[in-house]
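Accompanying notes for the structure given below.
The values are calculated or read from the model by the stated rules, or taken from the named source; none is laboratory data. Note that the coordinates shown come from a computational prediction; the quantities given were computed from them, not determined experimentally. When we count neighbours, we look across all protein chains shown, and the Cβ atoms used for this are built from the backbone with ideal geometry, even at glycine. The accessibility values were calculated without ligands, DNA or RNA, using every heavy atom of the protein model including side chains. Shrake-Rupley method; radii C 1.70, N 1.55, O 1.52, S 1.80 Å.
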Protein chains: 2
Amino acid sequence: MDKSICPRFDKAMSLISQRWIGLIIYQLLSGPQRFCNIEAAIGVSGKVLSERLKDLENEGIVKREIYPETPVRIEYSLTDKGLAFEPVLRDIENWSQSWLEAESQ
Amino acid sequence: MDKSICPRFDKAMSLISQRWIGLIIYQLLSGPQRFCNIEAAIGVSGKVLSERLKDLENEGIVKREIYPETPVRIEYSLTDKGLAFEPVLRDIENWSQSWLEAESQ
DNA sequence: TAAAATAACTTACATAAAGTAACTAACTGA
DNA sequence: TCAGTTAGTTACTTTATGTAAGTTATTTTA
């Protein structure tokens with residue numbers, strides 16, 4: 001058990017290797033939005049989405065804001081820490097455009 | 001179910017959101033190496049490592065080469081497609097240095 | 001020559017994570 | 001009052017991952 005890898009890098013990797021985390025942040029790059037919007041846009045179940053949003057909020061990556069309108073509006077948005085993740089997602093986007101086929105079986 | 005996201009990006013995201021995939025590619029960035037070396041360096045179990053290496057080989061990201069020496073040497077290395085993934089991992093590295101704490105409990 | 005070691009896996013079993021679908025609570029408009 | 005919307009939660013099933021031991025081939029050591 002070497003574990004020669006940096007614990008911070010290791011933690012970042014565990015973060016994005018949680019299913020849906022990347023797509024949630026990517027979706028929030030297009031601006032603050034509601035729970036049901038994220039759910040519909042990326043096709044995640046409500047159960048997992050609420051778990052992930054809680055995790056991301058605890059990590060300081062996502063901010064949850066309640067607007068006491070009628071009906072109540074709850075908006076999720078990226079913090080600076082979350083916005084700083086954009087280059088990662090852009091690189092993944094670029095890589096996927098260059099190296100993955102448009103058609104998959 | 002909008003599913004407005006690009007299927008190629010979606011596929012790339014499913015790839016890196018598989019546990020260990022990122023760390024395996026990262027580890028291979030330091031050069032071709034053997035199974036047991038990757039296993040020790042990142043702390044993944046042999047079972048999952050062999051699954052992941054097969055997946056990565058099928059995706060054309062990793063190359064497996066057998067050197068019929070004594071004892072036989074099997075080396076895993078990155079293809080061009082795999083090497084092209086480097087910027088993603090460097091960005092994650094940078095992000096983790098800037099935004100994650102050195103100490104975690 | 002037999003026993004122990006190493007590399008590269010695989011198998012069996014246990015636990016954790018994710019998916020599915022239905023349910024809740026608060027409100028609103030018809 | 002009934003159906004609809006938002007933001008979730010709960011119960012249950014399926015899939016993924018972890019752990020530890022076993023396998024095959026070869027090689028080194030006693």
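Between the Cα long axis of helix A:86-99 and the first principal axis of chain A there is an angle of about 60°, rounded to the nearest 10.
The B-A contact accounts for roughly 4000 square angstrom of buried accessible surface, both chains included, probe 1.4 angstrom.
Note on exposure: A:C6, A:C36 ranked by accessible area (1.4 Å probe, complete protein assembly) read A:C36, A:C6, with the most exposed listed first.
Copy-to-copy label distances for B:C36, where each label lies 7 Å from Cα along Cα-to-Cβ, are 5.8 nm in order of increasing length.
In nanometres and ascending order, the distances from the A:S14 label point to those of the other copies are 2.6 (point 7 Å from Cα along Cα→Cβ).
Rank these residues by their accessible area, most exposed first, probe 1.4 Å: A:V72, B:V44. Working shown, then result.
On the way: A:V72 75, B:V44 5 Å².
So the residues, ranked largest to smallest area, are A:V72, B:V44.
Averaging the sequence gap over all C-alpha pairs within less than 8 Å and six or more residues apart, then dividing by the number of residues, gives the range A:32-94 a relative contact order of 33 percent. Helix B:46-58 and the longest principal axis of the C-alpha atoms of chain B enclose an angle of approximately 80°. With only Cα atoms counted, chain B has Rg and Dmax values of 15.7, 56 Å.
Heavy-atom accessible area for A:M13, with the other protein chains in place and a 1.4 Å probe, reaches approximately 10 Å².
Note on A:L29/B:R34: beta-carbon distance plugged into 1/(1 + (r/R0)^6) with R0 of 45 Å gives a FRET efficiency of 0.70. For A:I74, the accessible surface of its heavy atoms amounts to roughly 40 Å² (probe 1.4 Å, protein chains only, rounded to the nearest 10). When you work out D = kT/(6 pi eta Rh) for the protein assembly as shown at 20 °C and 1.002 mPa s, using the Kirkwood radius from C-alpha pairs as Rh and the Stokes-Einstein form, the result is 116 µm²/s. Measuring against 19 Å, Cα to Cα, the residue pairs A:K11/B:K11; A:K11/A:K81; B:K11/B:K47; A:K63/B:K11; A:K11/B:K54 contain A:K11/B:K11; B:K11/B:K47; A:K63/B:K11; A:K11/B:K54 as the ones spanning a longer distance.
Other residues lying with their Cβ under 10 Å from the Cβ of A:Y76 contribute a combined charge of 0, Lys and Arg counting +1, Asp and Glu -1. Sorted from closest to farthest, the other copies place their A:D55 label points 1.5 nm away, with each point set 7 Å from Cα along Cα→Cβ. The alpha carbons of the range A:32-94 occupy a box of 40, 25, 18 Å along the principal axes, longest dimension given first.
When both the range A:67-105 and the range B:3-36 are represented by their alpha-carbon centers, they are found 18 Å apart.
Taking only Cα atoms, what is the 0 to 90° angle, nearest 10, from helix A:7-16's long axis to the longest principal axis of chain A? Value to nearest ten degrees: 60.
Can you give the accessible area per residue of the protein assembly as shown, in Å², using a 1.4 Å probe?
For the protein assembly as shown, the per-residue accessible area is 54 Å².
Multiplying the residue separation of A:S98 and A:A84 by 0.36 nm and subtracting their alpha-carbon distance yields 2.7 nm. Remark: the range A:20-28, residue by residue, has Karplus-estimated 3J(HN,Hα) of 5, 3, x, 5, 5, 4, 4, 4, 6 Hz, where x stands for each Gly or Pro and the curve is 6.51 cos²θ - 1.76 cosθ + 1.60 at θ = phi - 60°.
Averaged across B:22-29, how many Cβ atoms of other chains sit within 10 Å of each residue's Cβ atom?
Numbers: counts 7, 6, 0, 0, 4, 2, 0, 0.
Other-chain Cβ atoms within 10 Å of each residue's Cβ, averaged: 2.
Given springs between every Cα pair under 10 Å in a Gaussian network model of chain B, which of B:A41, B:A12, B:A84 has the largest fluctuation? For chain B, modelled as a Gaussian network with Cα springs under 10 Å, the answer is B:A12.
Each of B:L78, B:S50, B:I92 was scored by the projection of its Cα onto the charge dipole of the range B:33-94, and the greatest displacement toward the positive side belongs to B:S50; charges sit on the C-beta of Lys, Arg, Asp and Glu. Taking all protein chains as they are arranged and a probe of 1.4 Å, the heavy atoms of B:F35 leave approximately 60 Å² accessible to solvent. Of the residues A:T79, A:T70, the one with the largest accessible area comes first in the ranking A:T70, A:T79, computed with a 1.4 Å probe on protein heavy atoms. The GluC sites (Glu not before Pro) of the range B:37-105 that meet both conditions, a loop assignment by DSSP and at most 16 other Cβ atoms within 10 Å of the site Cβ, are B:E59, B:E69, B:E101, B:E103.
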